[in-house]
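Beneath this line is the structure, given in structure tokens, with notes to follow.
The values are calculated or read from the model by the stated rules, or taken from the named source; none is laboratory data. Computed from a predicted structure; not experimentally measured. So basically every Cβ, Gly included, is an ideal-geometry build from the backbone, and we count neighbours across all protein chains shown. For accessibility, only protein heavy atoms count, side chains too; no ligands or nucleic acids. Shrake-Rupley method; radii C 1.70, N 1.55, O 1.52, S 1.80 Å.
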Amino acid sequence: MQKPMLAAALALWSLLAAAAPMGADEARHLLNRSGFGAAPAEVAQYARLSREQAVDRLLAGARTTPTIAPPAQEYIRPNHLKGLSEEEKKAFQRAEFEKGAELRAWWLQEMLQTPSPLSERMTLFWHNHFVSSQQKVKAQKLMLEQNLLLRQHALGNFGALLHAVGKDPAMVIYLDTATNRKGQPNENFAREVMELFTLGEGHYSEQDIKEAARAFTGWSFEPETGDFRWRPMMHDADEKTVLGQRGKFDGDDVLDILLQQPAAAEFIVRKLWREFVSPTPEARESVRIANAFRGSGYEIRAALRGLFLSSAFWAKENRGTLVKSPVDLVVGSMRTLDVRVPDALPLAFAVRNLGQDLFAPPNVKGWPGGDAWINATTLLGRKQFIERLLRNDQFVTPMARADGVDSSYEQGAMRQRQRVKELREEFGKGAGRLDGDTRMRMVQALSDIRFDSAKWLRDFKDTASVERALLPIAAVTPPPAGMGGIELVRTIALDPAYQLR
């Protein structure tokens, strides 16, 4: 009699605990993992909710479009450079570099200002899953359109996303689908869609890849417009055998066959687990969530809800187990410290310098993440970023303009050269490729990024609460007793634990 009563009491206690308000620490954990940090006011709002209420609120608030209009991008034909002089080619490349910087700054600004950080985190997640890169695509407009496509489906249906990405012009170019034709199959997309996008290694054969490549023949794009183009004359309409199924399959048929495999849901859930929970997925729990994901018809919200409400997500042993990416560090610092960023252009170069060049992952496997984010060079860069952000409550000391105000032309030119040198030291040689007006914009943008420590610290009553606001686990080196103000924030932010989430 006592055992059933005890079990019932424990079950009731669990229900009550789940329905109780989370409190600030759990709210902060949820917001840090599902987004990019959170200001004290946002943490306070979620602290009043239960775990389930908070998760449902996050999922319900997801966006399919950005809040900030993206920069205008004109499609440039692949053969545009043909016939141009060397000087014209260099001018075009400089202009394209600046457009790329503008595009990166726009996305970072969206991450900073969006009311749904989860939408941007998932857009970034899919950007590193369905990888394409500006370095090969060479069309800013197509990379922007892919970004908008990923956001549109970021928390929607994975099947719909998979089909849309397969015909996305940037992907068609990146994985050479346009060169895949009857009698001369190109296996790049067929291989990556199995290995990296749906099933993972060990769930298909080389013959499956060869047969699937035949099915994707005819998927192409129009060089004059950059639009997807179906070319039936290039399609192999004969029978194929893919994963044990035989028929006159086209590309959409093959994608549907991949989605029928239980391995697909498990592969995606394990990857989401490593993004949101811990580096090592728990086999039993991940299979349970994968079954619910597949049972929902591949609704991404179902997978995320399962992950966010799992006991593993909230477990103390899984706190501070994920290494912050450069975007996490830079955008998360700004959001957590409630720093106003009127212009994110400098941040585009900051994350690039730390190893995460948006719209340009290193290869088809994307950024490896985890411990790979940290090495001797990037660790020093991370430390310098934090020190600069928290130096005298401002990001940089505003510099005097060099626009002819000085009585001496040489003085103005010297200051301009000094600015370029400082930008290069801070953000890498890429910043030196910007034209004079954009460099001036960088300088002004840097001086406008400021942290108001006195205002931010008003939300905390003691050192322990400040530490909990900034660190997911206890500090490796606790701050000295009696320390306060900007020095306290700087000391905690420079602790190794700040690099984790």
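Before moving on, here are some points about what is shown:
- For the set LEU108, LEU196, the ranking by accessible area, highest first and with no ligand, DNA or RNA atoms included, is LEU196, LEU108 under a 1.4 Å probe.
- Counting only residues at least eight positions apart within a chain, or on another chain, the aspartates and glutamates with an alpha carbon under 17 Å from that of LYS82 are GLU96, GLU224.
- Set of aspartates and glutamates with alpha-carbon distance to LYS316 below 14 Å, sequence-local pairs under 8 removed: ASP25, GLU26
- Judged by the mean number of other Cβ atoms found within 10 Å, the most tightly packed of the peptides 46-54, 142-150 leads the ranking 142-150, 46-54.
- Contact order normalised by residue count of the stretch 156-298, Cα under 8 Å, 6+ apart, percent: 23 percent
- Neighbour net charge for ARG48 - beta-carbon separation under 13 angstrom, K R +1, D E -1: 0
- Between LEU500 and LYS324, the built amide H atoms are under 5 Å apart, and every one of these is 5 or more places off in sequence or on another chain.
- Which labelled figure in (1) 90, 75, 36; (2) 80, 50, 36; (3) 92, 61, 45 is Cα extents along the principal axes in Å, once derived from the coordinates: (1)
- Judged by the mean number of other Cβ atoms found within 10 Å, the most tightly packed of the peptides 376-387, 462-473, 73-84, 151-162 leads the ranking 151-162, 462-473, 376-387, 73-84.
- For the chain, the fraction of 1.4 Å probe accessible surface lying on carbon and sulfur atoms is 53 percent.
- The stretch 274-289 and the stretch 79-134 have Cα centres separated by 32 Å.
- The mean sequence separation of alpha-carbon pairs under 8 Å and at least six residues apart, normalised by the residue count of the chain, gives a relative contact order of 16 percent.
- The ellipsoid equivalent to the alpha-carbon distribution of the stretch 146-249 has semi-axes of 22, 19, 11 angstrom, derived from the gyration tensor eigenvalues as √(5λ) and listed largest first.
- For the residue pairs LYS271/LYS455; LYS240/LYS271; LYS136/LYS248; LYS90/LYS167; LYS138/LYS365, the C-alpha atoms sit more than 27 angstrom apart in LYS271/LYS455; LYS240/LYS271; LYS136/LYS248; LYS90/LYS167.
- On a per residue basis, the chain carries 46 Å² of accessible surface, using protein heavy atoms and a 1.4 Å probe.
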